[in-house]
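The values are calculated or read from the model by the stated rules, or taken from the named source; none is laboratory data. Given the structure is predicted, the values throughout are model-derived calculations rather than measurements. Here the Cβ positions follow ideal geometry from the backbone for every residue, glycine too, while neighbour counts run over all protein chains shown. Ligands, DNA and RNA are excluded from the accessible area calculation, which covers all protein heavy atoms including side chains. Shrake-Rupley method; radii C 1.70, N 1.55, O 1.52, S 1.80 Å.
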Amino acid sequence: MAYIAMARKWRPKSFDDMVGQEHIAKTLQNAIEGGRLHHAFLFTGTRGVGKTTSARILARTLNCKGGDPLHPCGECESCKDIAGGNPMDVYEIDAASNTSVDNIRDVIERVQYPPVIGKYKVFIIDEVHMLSTGAFNALLKTLEEPPAHVIFIFATTEVNKVPQTILSRVQRFDFKRLTIEQIEERLRYICEKEGIHATDEALNIFAEKADGSMRDGLTYFDQAYAFTGNEMTADSVRSILGIPPVELFFALIQAIATHDLKGCFKMVDEACKIGIEFTPLLDGFGKFIRNMIYARLDAFTADALNLSQEMFSRIKSAAPELKNGDLLRIAKMLTDLQASLRYSTNPRLLVETTFARMAWLDHLTDLRKALAAINDPSKASGNPDQEALKKKVAEVSAMIDAQEEVRASYEDPFASLMSSSEAGVYTRYEIAAAWPTILKSLADDGDLVFSAALSGTVLETGDMKATPFPIHLTYVGDQAKADSWNIKQINDNPEYLIRLQEILEDKLQTKVALSVKTRGYTAQELEIRKNAQMSPFERDLQKEPHLSQLQQLFAAELVYSAKIRKETVEPLNSDNGEDNNDA
């Protein structure tokens with residue numbers, strides 16, 4: 001006898017067997033008992049939650065000739081006819097492959113004939129949203145006033161695509177996504193009946209990967225069963241389904257906490273060696289970070305997170321160097337990485353460099369606590385070294401001031417243009433100065449490798465009247481070396497230049513002749529780079545000789561800096577002739 005897949009073998013035969021849809025089963029049973037059965041139903045919900053199965057159970061229940069009106073007997077002529085797979089009174093079509101008006105006309109013709117065996121003729125139309133507009137229109141009149149012996153049941157995963165004229169003629173039932181506990185319990189029941197020994201952790205893996213779909217959970221279960229046999233362990237299930245082991249995440253979070261860039265690259269390499277794809281790797285790490293945050297905040301118990309008490313304690317105490325703010329920042333970088341991964345031409349490099357950036361960043365410091373500790377030593381929480389706190393605050397303040405001045409010195413002259421109707425369109429005279437704005441927009445588009453290959457470049461233009469307009473993509477200074485990463489990317493990916501040329505032609509609204517050049521820094525560029533790397537205090541020392549002399553005379557060091565607030569000075573009172581010396 002041919003093997004029957006678990007999803008088919010254990011498909012529910014009655015409403016009592018339905019998992020997670022008890023509200024729908026109860027409603028339909030009450031309608032049958034009370035004689036208030038509607039002539040048309042719409043079952044909607046995500047894939048694998050029991051829409052089509054419920055439609056078949058309803059058809060079997062309505063036509064069963066047994067003594068119980070709510071439970072098909074499985075022995076009568078109608079039940080056996082439906083179980084045979086080609087029933088005479090249940091007509092099931094897939095709208096995804098039968099979308100035309102002619103297909104619906106065939107349905108309308110069948111509506112006229114009474115049932116052969118049972119009480120009702122049931123029409124189940126799966127993925128009904130795929131029907132054409134003409135097919136929906138052809139169905140309207142029959143759907144509104146069908147014969148008394150006809151029941152329509154529609155199933156769809158995209159109810160928003162079903163016309164309102166159809167929705168107003170049917171009773172709608174929304175099927176819920178199944179919880180992890182519900183899927184686990186059903187799999188555990190199947191294991192008992194099949195004589196399969198599966199650990200709770202293994203069943204939890206199936207339930208999580210199913211993502212609310214009972215059918216998906218059974219499909220994964222079937223796949224693992226073919227590999228493991230009657231003994232299922234968590235490790236064997238992870239191996240066959242390509243799920244990363246949790247130890248990889250412990251190693252990664254520890255590498256990030258200790259600024260161990262080498263450890264981050266090693267973790268990615270280990271994942272690749274054991275065949276882990278990047279999508280499940282990032283999904284798993286995201287769940288790991290989420291569990292860390294929940295565990296630290298005591299927002300959920302171990303049971304609520306589907307973790308053993310031992311694993312819950314390990315996750316809660318992992319990487320104590322990372323504060324909650326650090327975890328939130330890592331989570332944001334991770335979601336950005338997941339969004340960018342699909343557009344990347346080099347996904348491994350993107351994943352590795354993002355993890356490296358997570359490890360490279362300093363841990364967050366709460367400046368409010370630090371300032372409070374300086375102003376009132378009694379408020380310092382467990383850190384008696386006030387001088388260290390002062391130094392830390394001074395460093396951060398100096399960094400903020402430097403960033404503000406650098407940002408102001410490089411203010412984009414074209415930022416105001418982006419709000420106008422001509423946003424993103426430049427003249428030949430503007431394109432070189434607008435290049436930083438264009439580069440930023442390329443980075444925001446998501447292809448980080450493409451934008452990184454162009455970083456450190458300037459645009460140099462040729463004859464302003466020539467057509468096509470000559471533009472040189474120029475690599476300057478260190479980026480101009482023949483073995484630099486940027487130039488290698490441009491040489492190895494000729495499509496990058498084609499893409500850039502199309503972007504520039506769109507910005508200029510004219511044909512462009514694009515070429516690549518290299519050169520060293522000019523004297524002016526070297527001066528700008530030098531000033532940008534200096535702190536405001538260092539620039540003041542350079543501009544003010546007296547300040548430099550005072551520093552040398554008193555061996556002064558910068559402890560703290562703040563912007564001076566200009567007070568309003570009242571003018572002299574000339575009416576009474578008195579000098580206002582206090583002003």
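Residues of region 128-149 being more than 22 Å from residue 115 (Cβ to Cβ), part of a loop (DSSP other than H, G, I, E, B) and not aliphatic (A, V, I, L, M), which ones?
Answer for region 128-149, where residues must be more than 22 Å from residue 115 (Cβ to Cβ), part of a loop (DSSP other than H, G, I, E, B) and not aliphatic (A, V, I, L, M): just 132.
Going through region 120-154 one residue at a time, which ones are within 34 Å of the chain's Cα centre (by Cα), in contact (Cβ under 8 Å) with a residue 60 or more places away in the chain and more than 25 Å from residue 69 (Cβ to Cβ)?
126, 128 - these are the residues of region 120-154 that are within 34 Å of the chain's Cα centre (by Cα), in contact (Cβ under 8 Å) with a residue 60 or more places away in the chain and more than 25 Å from residue 69 (Cβ to Cβ).
Looking only at region 153-183, how many residues end up being closer than 20 Å to residue 306 by Cα and buried (at least 21 other Cβ atoms within 10 Å of the Cβ)?
Qualifying residue count for the region: 2.
Could you list, in sequence order, all residues of region 81-105 that are within 15 Å of residue 13 (Cα to Cα) and in a loop (DSSP other than H, G, I, E, B)?
Selection gives 84, 85.
Just to verify a result, which residue in region 516-547, among those that are among the small types (Gly, Ala, Ser) and loosely packed, with under 14 Cβ neighbours inside 10 Å, is modelled with the highest pLDDT?
520
If residue 569 satisfies every condition in (1) at pLDDT below 70; (2) surrounded by 11 or more Cβ atoms within 10 Å (Cβ to Cβ); (3) aliphatic (A, V, I, L, M); (4) not in a helix (DSSP H, G or I) but one, which is the exception?
(2)
Going through 202, 226, 207 one at a time, which residue ends up being in a helix (DSSP H, G or I), more than 30 Å from residue 104 (Cα to Cα) and in contact with a strand residue (DSSP E or B) (Cβ under 7 Å, 6 or more places away or on another chain)?
When all the criteria are applied, what remains is 202.
Can you pull out every residue in region 1-30 that is open to solvent by 20 Å² or more (accessible area, probe 1.4 Å), aliphatic (A, V, I, L, M) and without any contact (Cβ under 8 Å) to a residue 60 or more places away in the chain?
Hits for region 1-30 are 1, 2, 4.
For region 147-174, which positions are more than 17 Å from residue 91 (Cβ to Cβ) and of a type in the set (Phe, Trp, Tyr)?
173
Being surrounded by 17 or more Cβ atoms within 10 Å (Cβ to Cβ), over 15 Å from the mean Cα position of the chain (by Cα) and touching a residue at least 40 places away in the same chain (Cβ under 8 Å) is the filter here, so list the residues in region 289-325 that pass it.
Listed by number, the residues that qualify are 306, 318, 319, 322.
Could you list, in sequence order, the residues of region 434-476 that are part of a helix (DSSP H, G or I) and either without any contact (Cβ under 8 Å) to a residue 40 or more places away in the chain or open to solvent by 20 Å² or more (accessible area, probe 1.4 Å) (or both)?
435, 436, 437, 439, 440, 441, 443, 444, 448, 451, 452
Would you call residue 94 within 23 Å of residue 172 (Cα to Cα) and among the charged types (D, E, K, R)?
Spelling it out, residue 94 is indeed within 23 Å of residue 172 (Cα to Cα) and among the charged types (D, E, K, R).
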